[in-house]
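See below for the structure under consideration.
Every number in this text was worked out from the coordinates using simple rules, so none of it is lab data. Here the structure is a predicted model, which is why all the values come from computation and not from measurement. All Cβ positions, glycine included, derive from the backbone under ideal geometry; neighbour counts span all protein chains shown.
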Amino acid sequence: MKKRTIPVFVPHLGCPNDCSFCNQKKITGIEKKSVSAGDVHRIVSQHLKTIEREHTHIEIGFFGGSFTGIDKALQEELLGAAQSYLKEKKVDGIRLSTRPDYIDEETIERLQSFGVTTVELGVQSMDDEVLMKNLRGHTAEDTVRASRLIKNSGIALGHQVMPGLYGDSPEGFRETVQKSMALSPDCVRIYPTLVIRDTRLCEWYRAGKFTPLSLSEAVDQSKEAVLAYRAHGISVIRVGLLASDTISVDADVVAGPYHPAFGELVESAIVCDAIISELSEKNEESVEIKVHPHFVSTLVGEKRGNIKKIQETYPSLQIKIVQDDAINFGEWRILCI
Ligand code: SF4
């Protein structure tokens, strides 16, 4: 079953917060553009024309600012429009993202009454000092409380976490991941911190007060987080920034570990570590690694980085990559030759 999310961008007009990494305030201040039920119908019906219903799990996703922080009447208008597709069984779910401190019992009841199936919380960090330094305006305890309310309601819980925030460290982010896992999210997104134009972080970066993670640091921290979540059966649905209505990569990303295929880099690093570890159990001079043709680039890595790393670890080993579509995508078989 394929999965498709129809994205509906909802700017958080008048967001009272000023999170260090977010340019929403500036952008919404300029555009003053909201979304209506009509927009939801237009976007959803356009997307539905291009999706094969039978073999696809389809969701409508409200992304952007903090959905449950926008005007209540507008929330109901947008959710009502989305729910009509749910009732007609044209889609299977409705998901939205919001802040942990914008979730309470009344909000949960509203979301349930409109059939919302997943709520993603912008957790970012579980360290109060990091949250404070990044002007988040909520605490880790808010995340704990909101996560429990969502889980207890039967709505699926999503967490979004950010390695590389101002004032954080690899150990601090590791702890964030541990504390997030303890709340049993159903899915997770990992967004390495980038310096976006017109943000506090950008001011601090230009003033020399903030240094973003390098690409390899961000890959390492994300890789560790992905492995930890997966080991707990938690699905990681996105690693790395998705260019959106608020962020154009070319125009807005000033610095930081941006890569157009960041998730692929992380996946590739995971595969490389696994193969190096598997090879340590073999004592061969020459091996053949069989993979699905579509998985070759992940296995080989960017600029053949994985092959170089394997070769550095086992300098005398001869490696041959063989494409074999009998092997499942994402798996490999090492044969001694
Ligand atoms: S991240 Fe969300 S809460 Fe923070 S400033 Fe941006 S829109 Fe507001």
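Quick notes
- Nearest 10 degrees, 0 to 90: helix 262-280 Cα axis against the chain principal axis: 30
- In Hz, Karplus ³J(HN,Hα) per residue of the stretch 50-59 (6.51, -1.76, 1.60; θ = phi - 60°; x = Gly, Pro): 9, 10, 7, 4, 4, 10, 10, 8, 10, 10
- Here S169 and E288 are evaluated by their C-beta separation; at R0 = 35 Å the FRET efficiency comes out at 0.25.
- Working from Cα pairs under 8 Å separated by at least six residues, relative contact order for the stretch 267-336 is 48 percent.
- In the chain, Cα pairs under 8 Å separated by at least six residues give a relative contact order of 13 percent.
- Label point distance in nm, A274-E141, each placed 7 Å from Cα along Cα→Cβ: 4.1
- Contact order normalised by residue count of the stretch 72-186, Cα under 8 Å, 6+ apart, percent: 25
- Separation in nanometres of the label points that stand 7 Å from Cα toward Cβ, at A261 and A37: 4.4
- Angle between the chain longest axis and helix 37-49 axis [Cα atoms, degrees, rounded to 10]: 30
- Among the cysteines of the chain, C15, C187, C202, C272, C336 have no other cysteine beta carbon within less than 4.7 Å of their own.
- Selection from G233, P16, C187 lying farthest towards where the dipole of the chain points positive, charges on Cβ: P16
- Rounded D (µm²/s) - the chain, Kirkwood Rh over Cα pairs, Stokes-Einstein at 4 °C, 1.567 mPa s: 60
- Here L74 and S113 are evaluated by their C-beta separation; at R0 = 22 Å the FRET efficiency comes out at 0.90.
- Between K151 and S235, the distance separating the two model label sites (each 7 Å from Cα on the Cα→Cβ line) works out to 1.8 nm.
- Sites S45 and A251, calculated FRET efficiency, Cβ-Cβ separation with R0 35 Å, nearest 0.05: 0.70
- The stretch 312-337 residues near the modelled E52 label - backbone nitrogen below 11 Å, point 7 Å along Cα→Cβ: none
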